[in-house]
1. Within the stretch 226-248, is there a residue that is modelled with pLDDT of 95 or more, open to solvent by 10 Å² or more (accessible area, probe 1.4 Å) and closer than 30 Å to residue 62 by Cα?
2. Starting from residues that are of a type outside the set (A, V, I, L, M) and open to solvent by 50 Å² or more (accessible area, probe 1.4 Å), keep the ones in the stretch 143-155 and report whichever is farthest from residue 102 (Cα to Cα).
3. Tell me which residues, restricted to the stretch 98-116, are of a type outside the set (Asp, Glu) and open to solvent by 10 Å² or more (accessible area, probe 1.4 Å).
4. Give me the residue from the stretch 250-279 that is among the polar types (S, T, N, Q) and within 15 Å of residue 199 (Cβ to Cβ) and, out of that set, most open to solvent (accessible area, probe 1.4 Å).
5. Would you check if there is a residue in the stretch 212-222 being within 23 Å of residue 179 (Cα to Cα), open to solvent by 70 Å² or more (accessible area, probe 1.4 Å) and either in a helix (DSSP H, G or I) or out of contact with any Ser or Thr (no Cβ under 9 Å at 6 or more places or on another chain) (or both)?
6. Any residue at all in the stretch 120-142 that is in a helix (DSSP H, G or I), polar (S, T, N, Q), more than 25 Å from residue 250 (Cβ to Cβ) and in contact with a helix residue (DSSP H, G or I) (Cβ under 7 Å, 6 or more places away or on another chain)?
7. Go through the residues of the stretch 48-68 one by one and say whether even a single one is within 22 Å of residue 214 (Cβ to Cβ), of a type in the set (Asp, Glu) and not in a helix (DSSP H, G or I).
Amino acid sequence: MKVRDALRRGREILKNKGIESFFLDAEVILAHVLSKDRGFLFSHPEYELRDKEVEDYFEKISLREKHYPVAYITNCKEFYSINLSVKEGVLIPRPETELVVEEAIKIISSKYEEKVLIKVADLCTGSGAIAVSIALNLKNVFCYASDISDVSLEVALENARKHKVEDKICLLKGNLWEPFYSNNIFGLDVVISNPPYIPEQDLSGLPLDVKYEPEIALNGGPDGLYFYREIIGNCRNFMKPNGYVIFEIGENQAEAIKDILYKNGIGNFRVLKDYAGRDRVVVASLRQEE
């Protein structure tokens, strides 16, 4: 079977199963099977697949037609211009989370001197997407990345090693602030988190693709705000008095999170919108003035 025929058949199968991204998904999966980039598919439409490649390709197409996420099929997800390893049991990084990284880099670059080492905490690190991206793009940071999940920390370590920033990241296992307290880690400059923020009652209505992802990384409690309360409520105990907090949030959560921040003495609140115009990132500061 030639590349063009494999793509045509793969797209047909996925389209018939209601996969909206059928065109792209067939390309990504075939490129993965061939260990090539997608450009190879366009420049070599007559390339003849070996029997094993055909078998592997259609096995993976079969997974995708059941709405199994492409990132779990390829064990890879592009994020902030780097390729991250992912696997089942770990939240798949989203493009929206790149806004968190962008804002963190902007704040650290503009508010702190380059010669000063900035201590960053990334709570609920998952694949390590945020911590690895920040460590890779800034020379003067050291990141403490925590998660309660063993598989997440395993993947985060793999990503840190893949991008050669393992000496700039300390992985911590435990629930939120617990590993920071037990390891005597205080004096943080920047606290970042993309915590679970989907209200419990909304989980059943998630797209089929998302339902393959770990519920522990999605479930934000009855109102979706449980983890924000827990993290924000203890921020001042672990941060320097002029530190910053940066959170990814769910739609329509900005005002509630603003209230939580202000009740805990954290002000200078602002909201950043995502590519679809939805509230997506909140930034606040312990500083008295900006």
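The values are calculated or read from the model by the stated rules, or taken from the named source; none is laboratory data. Computed from a prediction, not measured in an experiment: that's the story for all the values here. Quick reminder, even Gly has a Cβ in these numbers, built from the backbone with ideal geometry, and neighbours come from all protein chains shown. Accessible surface is based on the protein model in full, side chains and every heavy atom, while ligands, DNA and RNA are left aside. Shrake-Rupley method; radii C 1.70, N 1.55, O 1.52, S 1.80 Å.
1. No, the stretch 226-248 contains no residue that is modelled with pLDDT of 95 or more, open to solvent by 10 Å² or more (accessible area, probe 1.4 Å) and closer than 30 Å to residue 62 by Cα.
2. First, the residues of the stretch 143-155 that are of a type outside the set (A, V, I, L, M): 143-144, 146-147, 149-150, 152, 154.
If we keep only those that are open to solvent by 50 Å² or more (accessible area, probe 1.4 Å) too, we end up with 150, 154.
Values: 150: 27, 154: 25 Å.
Residue satisfying both the conditions and the ranking: 150.
3. Of the stretch 98-116, the ones of a type outside the set (Asp, Glu) are 99-101, 104-112, 115-116.
Within the stretch 98-116, 99, 105, 106, 109, 110, 111, 112, 115, 116 qualify.
4. 252
5. Going through the stretch 212-222, the residues within 23 Å of residue 179 (Cα to Cα) turn out to be 214-221.
Filter once more, keeping what is open to solvent by 70 Å² or more (accessible area, probe 1.4 Å): 215-216.
Narrowing the set further to residues that are either in a helix (DSSP H, G or I) or out of contact with any Ser or Thr (no Cβ under 9 Å at 6 or more places or on another chain) (or both) leaves 215-216.
Scanning the stretch 212-222, I find at least one residue that is within 23 Å of residue 179 (Cα to Cα), open to solvent by 70 Å² or more (accessible area, probe 1.4 Å) and either in a helix (DSSP H, G or I) or out of contact with any Ser or Thr (no Cβ under 9 Å at 6 or more places or on another chain) (or both), so the answer is yes.
6. Filtering the stretch 120-142 down to residues in a helix (DSSP H, G or I) leaves 129-137.
Keeping just the survivors that are polar (S, T, N, Q) gives 133, 137.
Now narrow it down to the ones that are more than 25 Å from residue 250 (Cβ to Cβ): 137.
Retained after the next criterion (residues that are in contact with a helix residue (DSSP H, G or I) (Cβ under 7 Å, 6 or more places away or on another chain)): 137.
Among the residues of the stretch 120-142, at least one is in a helix (DSSP H, G or I), polar (S, T, N, Q), more than 25 Å from residue 250 (Cβ to Cβ) and in contact with a helix residue (DSSP H, G or I) (Cβ under 7 Å, 6 or more places away or on another chain), which makes the answer yes.
7. No: the stretch 48-68 contains no residue that is within 22 Å of residue 214 (Cβ to Cβ), of a type in the set (Asp, Glu) and not in a helix (DSSP H, G or I).
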